[in-house]
Each structure stands twice: as structure tokens, then as C-alpha cells.
1. Among the numbered conditions (1) away from the ligand (no atom under 13 Å from the Cβ); (2) aliphatic (A, V, I, L, M); (3) closer than 20 Å to TRP52 by Cβ, tell me where ALA207 comes up short.
2. Working only within the stretch 377-412, note down all residues that are in a loop (DSSP other than H, G, I, E, B) and under 25 Å from TYR319 (Cα atoms).
3. All but one of (1) more than 13 Å from the ligand (Cβ to nearest atom); (2) of a type in the set (Gly, Ala, Ser); (3) in contact with a Leu (Cβ under 6 Å, 6 or more places away or on another chain) hold for SER303; state the number of the condition that does not hold.
4. Find the strands (runs of 3 or more DSSP E) located wholly in the stretch 74-172 whose residues include 1 or more that are more than 16 Å from the ligand (Cβ to nearest atom) and free of Cβ contacts under 8 Å to residues at least 12 places away in the same chain, and list them.
5. Restricting to the stretch 224-236, what's the tally of residues that are surrounded by fewer than 17 Cβ atoms within 10 Å (Cβ to Cβ) and without any contact (Cβ under 8 Å) to a residue 60 or more places away in the chain?
6. Does the stretch 193-217 hold any residues that are of a type in the set (D, E, K, R) and either more than 16 Å from TYR272 (Cα to Cα) or surrounded by 21 or more Cβ atoms within 10 Å (Cβ to Cβ) (or both), and which are they?
7. Looking at (1) more than 18 Å from TYR374 (Cα to Cα); (2) in contact with a Gly (Cβ under 9 Å, 6 or more places away or on another chain), which is the only condition ASP405 fails?
8. Within the group GLY174, GLY184, which residue is surrounded by fewer than 18 Cβ atoms within 10 Å (Cβ to Cβ) and within 25 Å of PHE123 (Cα to Cα)?
Amino acid sequence: MQDRSGVMEKLASLGKRKGFIFRSSEIYGGLGSTWDYGPLGVELKRTVTERWWTDVVAKREDVVGMDAAILMNPKVWEASGHVDSFQDPLVECGQCRRRFRQDHVEGDVCPECGGPLSEPRMFNLMFKTFIGPLEDEGSVAYLRPETAQGIFVNFRNVQEASRQKIPFGIAQIGKAFRNEITVGNFTFRSREFEQMELEWFCHPDEAGQWFEYWLQARFDWYISLGVAREHLRLRPHEPDELAHYAKVCQDIEYEFPFGWSELEGIADRGTYDLDQHLELSGKDIRYLDPNTHERYVPVVIESSGGIDRTVLTLLADAYDEDEVEGEERMLLRFAPHIAPIKAAVFPLVKREEMPETARRIVEELRARAWNVLYDEGGSIGRRYRRMDEVGTPFCITVDGQTAEDQTVTVRDRDTLVQERVSIDSLAGHLSERLNP
Ligand code: GAP
């Protein structure tokens, strides 16, 4: 499919209809850019999370995981620079009162109504709340705007407990919150989202090589999810767009239907965060090299990706339209190992022993922890279309021949080719395709 305009709207509508993503508290009119994942969306999200954890943590000896609290001592955010610097310039329209991020509008008139825009004022993106019954300055706490600080303040705890030696990484997956001024493009910029972050601690002399290493590793990871290489690129940050903590940063960008946009940032944070926490807490959180007995603050190379943006990328990249037997077809071409439903099993008709055989097959395949669906409703063509729309790679049909020779047909979503496969070898046949 060449023309990708309108794909975001189609995805939002398909997402709701098929149970990928709903607006949060929709029956009350929603809540500005927060989202709920339905049965298929949560499968996609879990797949992303699990693959990240497997590839970044489980398979590596030099990375350990952790899970910090969302609420942290507010001093963390003073030290990290977020209280002073995590802000965007806000402008307001004098006519319609809409608010925008200054760097998201061109010129000095309102993009909605053409009214005059105010002078910019800085707006801090952190959500504030209060700890305990008193709502005063002394009880302010913030919802974390990044998971990374939970790792930095635990650097010494984790390093000593796990006896890791530099270079090594600490990884974390968790919710982050930002009171974004402008939101939109479906889930792309939300106020509540999930991050997958790796903070890699290395000797300052090796920072450059590790930066390159993680840049490549993380770029390749998106390709391993089945995202088309030609829709991915790396983009170095200009000096004036670097975050307050970053020395160098490159974004991994995806070509969304609304343009190239950030999926993940790889940053050299230098010694900024650990230096700041060392100073404000007064605790010596430096690393002690067991060989040289040198005590030093390691440099941090960070890889920080968004789970929601990755899910959106998988949806956008998979979306396609074609024509089958003269009928228009809307489909999601997920890589089989990513697809939320792995296979569907259809009895051709609701009589003879076909439903029973189909149910037995579903049970056998589900025993392998594959999400496999049974469907006997409507014509076979309609059942195929329903599965194409949610990206199910394989449809298995139990038909008249099954009772004679214990074979079924396996239809491939992309090639539309139907193969006859014996029931005995079906699990092996699918397994090869589901585990690349
Ligand atoms: N610790 C570094 C950090 O948080 P960031 O570039 O601000 O860096 C990292 O965020 C990633 O988190 C982004 O690349 C994106 O995938 C995700 N992200 C950030 N803000 C988001 C938002 N408002 N909605 C959805 N995802 C967001």
C-alpha cells in the first residue's frame, strides 16, 4: 500500500472495533490522551515487553533488571534537573484559548482559529501530587516523568547486590507520566505511557564505543520485531534540542503516516545524573574498580524506548489494504511471532465431527501457550477476513477430507496459499513459522 495518509484514523477505528486500544474512561468522554489496551492490544504490548526483557536482560550476563516505585523522594527530581529544566514553552491563543507547545506551531498565530498567540511561558511537564493528608509545599511528590532516575538512585545498591563489574547495565520497564501540552496522533504522545530503559554504566574512556554499540543493537531490535528497515532511521540531535542531561543523543525514528518521529533515544548522559545525586544526597555512590582500586563516577549510555510507541509502530507498519477475489481487504501484516492471535481454527460446517475436531486442535495448540481462536460463525470467507483484520497469520480449516485422512488446510494470510498438513504435524509446522 503506497498512500499512507488516513492510516492513523483507520487504525484508531480498527483499534477500538477489534479490541486493540480504547480511549481511557471512554463512557465519560475520555481523558486527555490516556489509553486502555483491549484483549488484542495487551497481547501486543506484552509481546513487546517480553521480547525487550528477553533480549536486553535475560540473554545477557552483563545486564540486570530492577523495578522502582513510581513515587520517589522529590529531591530526586531536584537533583536530576527535572524541577528546573523539564519544561516546554507554552503559548495560548487570545481568541479560542487553546494552548500549544511553541515549537509545535509555525509563526505566531493560532493553528486552529488564526487568533493571536501569547508570549511563551515555561510549563513544567511533571504531574504533581501530595503525600499524606496535607496538601502543602512540604508534601509535594511527582509522578515520575522517566523511569531512569529509579535506576540512578539505586546504582550502588544494584551494583553491590549483583556484584556486576563495569561495564554493565541496569534495565527497567515501567510507567512514566508527562503533562504534555500538545498530544495527539493516537497514542503517539500520551500523558501516561510505558518506558523500557537501559542505563549502561561504563568507563569514561569507553563511552564512545558503547554509544555506537547500543545504537546499532537497538536499531536492529526493531527490525527483529518485523518493522520494515526502510521505515526506520537514525537521527542525531542538534545541539539545541538535546535534553538538559545529554551530551550526545540519536533518535531511532519510524516513518509514521504523519512523518518521521521518535521511537527511542540513545543518549550519552555523561556522569551528569550520578554526579548530581552524589552532590545532593551527600552519599558516595561512586564505583570502586576492584582491580585498579580506582573510585570513579561511570558514564551512562542510555537507551530509552516507549512501549506504547512501539505498539503503535507495529500497528502502523502492519496496516495494509489489498484485493482478494475482487473484494477489498483490510489487513494487519504482523510478523507471525508478534501477532496477537497466532492461528484460528474453523470447522468448515457446523455438523459431522468437524466442530469437535476443530476444538481438539485448538486445545492442543493452546497447550503450547499460543493464542489460538475457534470460530464457526459465518462463511469461511468472512472468517478469513475477520482474522486478516487482526493480523492472524494462519487459519486452519477442518473440512470433509479431515475425517478421511486426518489432514487440515493451513491458509497463509499474506500469500493466501493453502497447504494440507496432517493434524499430527500441525504444531511442528506452525512452530517453525512462529519462532523465526
Ligand atoms: N530517560 C530518557 C527519556 O525519558 P525521552 O526521549 O524523553 O527520554 C524516551 O523519552 C522515550 O519514551 C521516547 O523515545 C518515547 O518512545 C517515549 N515517550 C516519551 N514521551 C512520551 C509520550 N508523551 N507518549 C508516549 N511515549 C513517550
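1. It is condition (3) that ALA207 fails.
2. Within the stretch 377-412, GLY377, GLY378, SER379, VAL390, GLY391, THR392, PRO393 qualify.
3. Only one criterion is unmet by SER303, namely (1).
4. Per the criteria, 128-130.
5. 6
6. Of everything in the stretch 193-217, those that are of a type in the set (D, E, K, R) and either more than 16 Å from TYR272 (Cα to Cα) or surrounded by 21 or more Cβ atoms within 10 Å (Cβ to Cβ) (or both) turn out to be GLU194, GLU197, GLU199, GLU206, GLU212.
7. Every listed condition holds for ASP405 apart from (2).
8. None of the other options fit; the residue is GLY184.
The values are calculated or read from the model by the stated rules, or taken from the named source; none is laboratory data. Quantities reported herein were computed from a predicted structural model and do not represent experimental measurements. Glycine also receives a Cβ, built like all others from the backbone with ideal geometry; neighbour counts cover every protein chain displayed.
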